[in-house]
Amino acid sequence: AVVVGAGLLLAAWRWLRRPARRGRGRGGSMRGKTVIITGANSGLGRAAAAELLRMRARVIMGCRDRARAERAAREIRAEVGERADDGGELVVRELDLASLRSVRAFCHRVLQEESRLDVLINNAGVFQCPYMKTEDGFEMQFGVNHLGHFLLTNLLLGLLKNSAPSRIVVVSSKLYKYGEINFEDLNSEISYNKSFCYSRSKLANILFARELARRLEGTGVTVNSLHPGIVRTNLGRHVNIPLLARPLFNFVSWAFFKTPLEGAQTSIYLASSPDVEGVTGKYFGDCKEEELLPKAMDDLVARKLWDISEVMVGLLK
């Protein structure tokens, strides 16, 4: 009886809280605006793509697995409806952030085909994977979560500036608190801890957004970072949960973790809400500005990370 009662209370709690979260991140109409979302075939990115399409944006899904992305796009169209004549359109483009060659090819196509870019949402991520390297030899989490998006954003800056006022949204994580930027071992050649390296990549996201916001002052392009909270997505596929513990984990995640739509609300808010027009260089959670630890506001570290990242991705030699 206690278990059943607790389950009913949790179900009621989730039912009561979901509408508030679902509506909080909504902005105005996005008709006439073009949005790029990385990793939009599942999880947070898919939820954001569906909501922004619902708001009549032209949404470009930048995804590594084209087949999965096309399937997700068909499902989203069926859920939301797609009316190009009314502004809403969903486009799939191949983008592998673990390959600088793929990032360059994606950006080249965007610059050829798109006359404007109003919002770039750097959403895709890798979480606590075993030690592996990207196509270009970077540790996977740092390479995908930071360097891939660093190059992507820089190559699209001209289009974003020409489309101003425009926005860049960087999805980070509260786990940045456990990361450090070790310039002596950015590629984890000396040591590798999958949890620490994820946190470091998320700290790098925030420092990147902060430095980029500084560099873009006066251009009409805003840059903000966010944490989505703990969300039930496939991001944790590399986390091993003992077989006997999975039922409990599944119950806990259902009861306490956000759904992808709930987790995507802050991304949607920063991409579309008039409330944050002109706001830049800030960090958000649950659609509200939040304070950062001092290490995430260290401008000297942010500038040094920027300079090194430029060399690593080949923007400078």
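Divide the volume of the convex hull around the Cα atoms of region 47-125 by the residue count and you get 93 Å³ per residue. Annotation: per residue accessible area for region 26-313 equals 42 Å², rounded to a whole number [probe 1.4 Å, protein chains only]. If the segment from V311 to E277 were pulled out straight at 0.36 nm per residue, it would be longer than the present Cα-Cα gap by 9.0 nm. Could you tell me what percent of the accessible area of region 70-196 is made up of carbon and sulfur, with a 1.4 Å probe and every protein chain present? After summing per-atom areas, the C and S share lands at 46 percent.
Label-to-label distance, S29 versus D185, with points set 7 angstrom from Cα along the beta-carbon direction: 5.5 nm.
Over all other residues within a Cβ to Cβ distance under 14 Å of R66, the charged ones net out to +2, with Lys and Arg as +1 and Asp and Glu as -1. V144 exposes around 10 Å² of accessible area when a 1.4 Å probe is run over every protein chain in place.
Radius of gyration over Kirkwood radius for region 129-218, both on Cα atoms: the Rg/Rh ratio is 1.02. The Cβ shell under 10 Å around A296 holds other residues with a net charge of +2, Lys and Arg each +1, Asp and Glu each -1. Under the convention that each Lys and Arg Cβ holds +1 and each Asp and Glu Cβ holds -1, the size of the dipole of region 26-313 around its Cα centre is about 560 debye. Each Cα pair of region 26-313 feeds into the Kirkwood radius, which the Stokes-Einstein equation turns, at 20 °C and 1.002 mPa s, into a diffusion coefficient of 113 µm²/s.
Using alpha carbon centroids, what distance separates region 67-139 and region 171-219, in Å? Cα centres, region 67-139 to region 171-219: 22 Å.
With r as the distance between the Cβ atoms of K161 and H108 and R0 = 22 Å, compute the FRET efficiency 1/(1 + (r/R0)^6) and round to 0.05. In this case the efficiency is close to 0.80. A crude spin-label estimate for the pair R77 and Y131, with each label 7 Å from Cα along the Cβ direction, gives 4.5 nm.
When peptides 289-297, 41-49, 61-69 are sorted by average Cβ neighbour count within 10 Å, with the highest value leading, the order is 41-49, 61-69, 289-297. Charged neighbours of L95, selected by a Cβ distance under 12 Å, balance to +3 (K, R count +1; D, E count -1).
The values are calculated or read from the model by the stated rules, or taken from the named source; none is laboratory data. None of these values were measured; they are calculated from a predicted model. In this analysis, Cβ positions are derived from the backbone assuming ideal geometry, glycine residues included, and neighbour counts consider all displayed protein chains. Only protein heavy atoms, including side chains, enter the accessible area calculation; ligands, DNA and RNA are left aside. Shrake-Rupley method; radii C 1.70, N 1.55, O 1.52, S 1.80 Å.
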